[in-house]
Amino acid sequence: MTTTLVKNGTIVTASDRYDADVYIDKGVITLIGQGLNLPADTVLDASGKLVMPGGIDVHTHLDMPFGGTTSADDFASGTVAAAHGGTTTLIDFAIQDFGAGLYPAFEGWMKKAEGKAVIDYAFHMIVRELSDQVSIDMDRMVRHEGVTSFKLFMAYPGVFMVDDATIFKALLKTRENGGLICMHAENGGVIDTLVKDALRKGQTAPKYHALTRPTRAEGEATGRAIALAEMAGVPIYIVHLSCSDALEKIKQARDMGLPAYAETCPQYLFLSYDDYERPGFEGSKYVMSPPLREKWNQEALWKGLVKNDLQVVSTDHCPFCMNEKELGKDDFAKIPNGAPGIETRLMLLWDGGVRAGKIDVHRFVELVSTSPAKMFGLWPRKGTVAVGSDGDMVLWDKDKETTLSAATHHMRVDYNPYEGRVVRGGPAVVLSRGEVIVDHGTFKGGAGRGQFVKRQAGRPLVPVGRRSSYERTA
Ligand code: URP
Ligand code: ZN
Ligand code: ZN
C-alpha cells in the first residue's frame, strides 16, 4: 500500500477547520484539496468525520521495570491500545542504569520496541547519575540519536532522585546541546519523611500514599525546578502536574516571560482524592505519583489548559495489574506507582473538555497533538495535517459512544480507572503514515510497523504567551 485518499472529511488542525480531501503517498501527505480525484490504493470516505492529526502521547512507560515489577503493557500491547484510542506517536522513557552511560539504556529501549511497536515512537532518557561520561552521552543523544529530552526526578530517593547540583549541571548541559529537561517535581525528602512517619503509626492503606505527598511538596519542587532552570538560562518542562499549588508556580514563571512549560494528565482532570477512599484495597488502582488531588484542583487545571499555562495533555501510562498492586497490601509504599491511560486520553479529553464546553476543537488538537509535537521536536513532521507531514490521522466520530471498561479496552491491565464511564466522541479510523491501523474498532496494523523517530533539538516551539479566550465550535 503506497497511496491513500481520504475524501469528504472536515480537516481540523490547531488553527484551521475546512472541508477537503487528503492524499497520502508513501506515508507523507502530498496533496490537500477539494474534490481530489486521484487513483489511490486505499480510498476512505470521511463524510461526517473530523480529520485530525493523530494523537501524540509524550509520557508513557512501556515494559518499564519499576517498584519491584514491570509495567504491564509492552511496546506491542501498549501501542495497539494507543492506536485504538487515536494516538499515533508516543515518547517513552528509557532508564539509565546506575554506573552506566546512556547508550545501554537507549539500545535496551530500542530493542524493547523493535518488532513490536505498531505506531511511531521516540524516547526521553531518564538520567539517574550525571558522571562525565553521562554528560558526554547527553550531547551524543541530542546530536546523533534524536533523543533530545531528559527526565530528572526530585523524588524517589535511592531510586531516581537526584540532588539540586545534578539538576543544575544537567540544565546547563541542555544550554549547550539544545536538549530539554523534563522534571518530576515532588520534594522527595519531605515525602520520604512523611511516608516513614505514617508507616510507623500503622497507616498502611492506599490513601496514605496521597496523604504523604502533599500538594505543597509538588509546588515547592516545581518552583525550585523553575528557579534552577532560570539560573541556567534554559526552558523547563514539568511532567504530570497535578495541582493548583504547582500550577501557580508555572503561572508566576510565565508571567515573568520564563519558558516554563507543563503537562497534566486525564487522571488529574477526571479523578480525585475521593478515589482513594473506595472500599477495601480498591484505592491502590489510583496509586500514582503525584497522587490524585482534592477535586477542586480540577477547575484550576482546566483553566490552565484553556489559558495555555498548561500546554500538553499526556497520559503517564504506567499500568500494573491488581496482583502487582497487591505487593503493597500491607504497606502503601510498596504499591507500584502508576495507572493505565494510553487508550483513553483523547476520548476523555473530548468528552470532558470539548463536549463539556471547556475547550474548543482546535485547543483539543493543540493539547493532544500539535503542542506535544512542537514541544518535543516532532513538528511539522507530526502534530498537524499539512502537505509534507506524515499521514498520521484520526477520523473522529463526534457521536461515537464508548463505555470505558477493562472488559473491552486493549490495554493489558485488569482494571480501568474510569470503569463504566460513558464517553461520547471517539476514533472511527486511525491512520499511521497513510496506513489504516484501526478501522471501526478492528486493529489492522502489524507488529513492528512502528518506526523510531529522531527528534530535533532546540527551543520548544510552543509560545509562552497566554490565551485570553477560546471559541466554542464543537
Ligand atoms: O506514578 C507514576 N507516575 N509512575 C510512573 C513514573 C513517573 O514518575 O512518571
Ligand atoms: Zn514522574
Ligand atoms: Zn511517568
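A few remarks follow.
- Of the residues making up the stretch 8-64, those that are over 27 Å from THR344 (Cα atoms), in contact (Cβ under 8 Å) with a residue 60 or more places away in the chain and either within 16 Å of ligand 1 (Cβ to nearest atom) or of a type in the set (Ser, Thr, Tyr) (or both) are THR30, THR42.
- Flag if GLU145 is more than 17 Å from LEU130 (Cβ to Cβ) and either among the aromatic types (Phe, Trp, Tyr) or within 16 Å of ligand 1 (Cβ to nearest atom) (or both): no
- Flag if ASP97 is out of contact with any Asp or Glu (no Cβ under 6 Å at 6 or more places or on another chain), more than 16 Å from ligand 2 (Cβ to nearest atom), outside any helix (DSSP H, G or I) and open to solvent by 10 Å² or more (accessible area, probe 1.4 Å): yes
- The stretch 14-34, residues that are out of contact with any strand residue (DSSP E or B) (no Cβ under 7 Å at 6 or more places or on another chain) and either open to solvent by less than 20 Å² (accessible area, probe 1.4 Å) or farther than 20 Å from VAL368 by Cα (or both): LYS26
- Remark: pairs (first residue in the stretch 264-283, of a type in the set (Phe, Trp, Tyr); second residue open to solvent by 50 Å² or more (accessible area, probe 1.4 Å); Cβ separation under 7 Å; 6+ apart in sequence or on different chains) = TYR273/GLU294; TYR276/LYS207; PHE281/LYS329.
- The requirement of being within 16 Å of ligand 2 (Cβ to nearest atom), open to solvent by less than 10 Å² (accessible area, probe 1.4 Å) and part of a helix (DSSP H, G or I) is not satisfied by ALA262.
- Residue in the stretch 256-270 that is more than 16 Å from ligand 3 (Cβ to nearest atom), among the hydrophobic types (A, V, I, L, M, F, W, C) and touching a Ser or Thr at 6+ places or on another chain (Cβ under 9 Å) present: yes
- THR4 vs. criteria open to solvent by 30 Å² or more (accessible area, probe 1.4 Å), assigned to a strand (DSSP E or B) and either away from ligand 2 (no atom under 16 Å from the Cβ) or of a type outside the set (Asp, Glu) (or both): no
- Scope the stretch 194-223; condition touching a residue at least 24 places away in the same chain (Cβ under 8 Å) and open to solvent by 60 Å² or more (accessible area, probe 1.4 Å); matching residues: ARG216, GLU220
- Inter-residue pairs, beta-carbon under 8 Å, first over 24 Å from LEU461 (Cβ atoms) and in the stretch 156-180, second open to solvent by 60 Å² or more (accessible area, probe 1.4 Å) and away from ligand 2 (no atom under 16 Å from the Cβ), 6+ apart: VAL162/GLU129; THR166/GLU129; PHE168/MET231
- Qualifying residue in the stretch 54-63 (condition: away from ligand 3 (no atom under 16 Å from the Cβ) and crowded, with 22+ Cβ neighbours inside 10 Å): yes
- Top-ranked residue of the stretch 115-164 - restricted to ones that are of a type in the set (Gly, Ala, Ser) and away from ligand 2 (no atom under 16 Å from the Cβ), ranked as nearest to the chain's Cα centre (by Cα): ALA122
The values are calculated or read from the model by the stated rules, or taken from the named source; none is laboratory data. Everything numeric in this text was worked out from a predicted model, so none of it was measured. Every residue, glycine as well, gets a Cβ built from its backbone with ideal geometry; the counts of neighbours run over all protein chains shown. Note: accessible area is taken over every heavy atom of the protein model, side chains too, but ligands, DNA and RNA are not part of it. Shrake-Rupley method; radii C 1.70, N 1.55, O 1.52, S 1.80 Å.
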